[in-house]
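The values are calculated or read from the model by the stated rules, or taken from the named source; none is laboratory data. What you see is a predicted model, and the numbers here were worked out from it, not measured in a lab. Here the Cβ is made from the backbone with ideal geometry for all residues, glycine too, and neighbour counts use every protein chain on show. For accessibility, only protein heavy atoms count, side chains too; no ligands or nucleic acids. Shrake-Rupley method; radii C 1.70, N 1.55, O 1.52, S 1.80 Å.
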Amino acid sequence: MGGAAASAHPGVRLTGVLELPARLERLTGAARERADRLYEVRLVSGHTVPPPELEPWLVTTFGSVEAVRDQVVLKVTNRVTLEAVLFAPLRSRRPVDGPERARDLAGEVAATEGDPFCHPETGTPADTFGRVRGARVISWANAGLADAHHAVLVFDAHDPLAFDAETVSDLLRSGREWAERAHREDPEAVNYLLIWNCLWRAGSSIIHGHAQALLGSGSHYAAIERLRRDVAGYDGDLLEELIAVHRSVGLTVDLAGDVVLVAHLTPRKERELLLIGRPGMEETDQSFADALARTLIAYRDRIGVSSFNLALWRPPLANAQGWEAFPPMVRLVDRGDPFVRPSDIGAMELYGTPIVGSDPYDLIEALR
Ligand SMILES: [Zn+2]
């Protein structure tokens, strides 16, 4: 633990994630040691000197002059994976330039109805082994391949936010079925990755609800391989300890079937969640599928997220020596308001440390 105690930040009310250093200080014994081994946490202060002319605008924009005059930023680093974040609460309130636009998401979605994804049999290419047809999802080969095996999994509903629990479990089943079929055709291709970019803000070029599946050979997709190496090189069970630290500071929800929902202490961007199963579990197991469906529906309905990135990380389908401690896990991140012009990803996210304005405690409270 680096950083200072709350008393070093007079005038700043420490709530939510800004209370993390105090929560960690209250831990004792093995819980404290675990947290210190895994995370570097620093609460730092910054001060600005606003001119009187600016004060009314500061009050309107940030709530008070004091909120801008004395600020704190919480810096969290996972010492093992080097995932890190700057929690900067004021960032979510900063003004955004750009034209006023209609914010009619339902209208924008409806305007693209009748697209090729609405009639996939004739509007899209098939894989050499045909199409996977689930109850809610049909697969086809991505017209622009990103790997030797790359499918689009299109939902029967045009509206990408019209999913329900059956859509989610059918997506997991159909994606896996596609991967198994592609693997049978190409035994060297074992690294299965399921991704879902929801709406343009998350990088999706087509509005119609769809996910994608990839099956690669060689090393697993880089971010997954990175975690595998970190798990393999750690003296202990890295993922178990990561869950335990989050649990000790109140950032987990235990779901049925030993699936754990985690509001991540080092989120890649706003409101990142990890859904972690047990080692040996399949992502198609009903308890994992149910947990994911519950999480996604709450993300949409309780948090109000409309644009998100999701990835399913799991061990290779075959030749998985060294992956024994690796459970299926889903990472899920909010990409923000589809009608805001600036990208949420800037130079800090690409080449520095991600800056996050949302609070993981607000997130986990809304998902209990
Ligand atoms: Zn459509």
> Which of the following residues is closer than 22 Å to residue 172 by Cβ and open to solvent by 10 Å² or more (accessible area, probe 1.4 Å): 256, 289, 293?
Replying inline: 256
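For (1) touching a residue at least 12 places away in the same chain (Cβ under 8 Å); (2) of a type in the set (Lys, Arg); (3) open to solvent by less than 30 Å² (accessible area, probe 1.4 Å), each residue gets a yes or a no:
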{"position": "111", "(1), (2), (3)": "no, no, no"}
{"position": "120", "(1), (2), (3)": "yes, no, yes"}
{"position": "127", "(1), (2), (3)": "yes, no, yes"}
{"position": "140", "(1), (2), (3)": "yes, no, yes"}
{"position": "145", "(1), (2), (3)": "no, no, no"}
{"position": "149", "(1), (2), (3)": "yes, no, yes"}
{"position": "153", "(1), (2), (3)": "yes, no, yes"}
{"position": "161", "(1), (2), (3)": "yes, no, no"}
> Which of the residues belonging to the stretch 184-211 are surrounded by fewer than 20 Cβ atoms within 10 Å (Cβ to Cβ), more than 16 Å from the ligand (Cβ to nearest atom) and not in a loop (DSSP other than H, G, I, E, B)?
Replying inline: 184, 185, 195
> Can residue 44 be described as in a strand (DSSP E or B) and open to solvent by 40 Å² or more (accessible area, probe 1.4 Å)?
Replying inline: yes
>> Condition first: under 13 Å from the mean Cα position of the chain (by Cα), under 18 Å from residue 164 (Cα atoms), modelled with pLDDT of 95 or more and assigned to a loop (DSSP other than H, G, I, E, B). Can you find one or more residues in the stretch 307-321 that meet it?
In response: yes
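Of all residues in the stretch 137-148, which are assigned to a loop (DSSP other than H, G, I, E, B) and at pLDDT below 95? Lay out the reasoning, then the answer.
The initial filter retains those residues of the stretch 137-148 that are assigned to a loop (DSSP other than H, G, I, E, B), namely 142-148.
Matches in the stretch 137-148: 142, 143, 144, 145.
Can you pull out every residue in the stretch 168-182 that is more than 15 Å from residue 283 (Cβ to Cβ) and of a type outside the set (D, E, K, R)?
Let us first name the residues in the stretch 168-182 that are more than 15 Å from residue 283 (Cβ to Cβ), namely 181-182.
Selection gives 182 alone.
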> What about residue 171, is it open to solvent by 50 Å² or more (accessible area, probe 1.4 Å) and either out of contact with any Ser or Thr (no Cβ under 9 Å at 6 or more places or on another chain) or free of Cβ contacts under 8 Å to residues at least 12 places away in the same chain (or both)?
Replying inline: no
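Conditions (1) under 26 Å from residue 341 (Cα atoms); (2) surrounded by 14 or more Cβ atoms within 10 Å (Cβ to Cβ); (3) charged (D, E, K, R), marked per residue:
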| site | (1), (2), (3) |
| --- | --- |
| 69 | no, yes, yes |
| 79 | no, no, yes |
| 84 | yes, yes, no |
| 88 | yes, yes, no |
| 98 | yes, no, no |
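Restricting to the stretch 322-351, name every residue that is assigned to a helix (DSSP H, G or I) and of a type in the set (Asp, Glu).
Passing the criteria: only 349.
Against the definition (open to solvent by 30 Å² or more (accessible area, probe 1.4 Å), out of contact with any Lys or Arg (no Cβ under 6 Å at 6 or more places or on another chain), in a strand (DSSP E or B) and without any contact (Cβ under 8 Å) to a residue 24 or more places away in the chain), how does residue 235 come out, yes or no? Steps first, please.
On the way: open to solvent by 30 Å² or more (accessible area, probe 1.4 Å): yes; out of contact with any Lys or Arg (no Cβ under 6 Å at 6 or more places or on another chain): yes; in a strand (DSSP E or B): no; without any contact (Cβ under 8 Å) to a residue 24 or more places away in the chain: yes.
So residue 235 fails the test.
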> How do the pairs read when you match residues in the stretch 280-294 that are within 12 Å of residue 255 (Cβ to Cβ) with residues anywhere that are part of a loop (DSSP other than H, G, I, E, B), using Cβ under 7 Å and keeping only pairs 6 or more apart or on different chains?
Replying inline: 288/277; 288/281; 288/328
> Conditions: (1) farther than 16 Å from residue 180 by Cα; (2) within 13 Å of the ligand (Cβ to nearest atom). Residue 138 meets all but one. Number of the miss?
Replying inline: (1)
> Could you say whether any residue in the stretch 97-105 is out of contact with any Cys (no Cβ under 9 Å at 6 or more places or on another chain) and at pLDDT 90 or above?
Replying inline: yes
> If we keep just the residues of the stretch 322-352 that are of a type in the set (Val, Ile, Thr) and farther than 19 Å from residue 230 by Cα, which is farthest from the chain's Cα centre (by Cα)?
Replying inline: 340
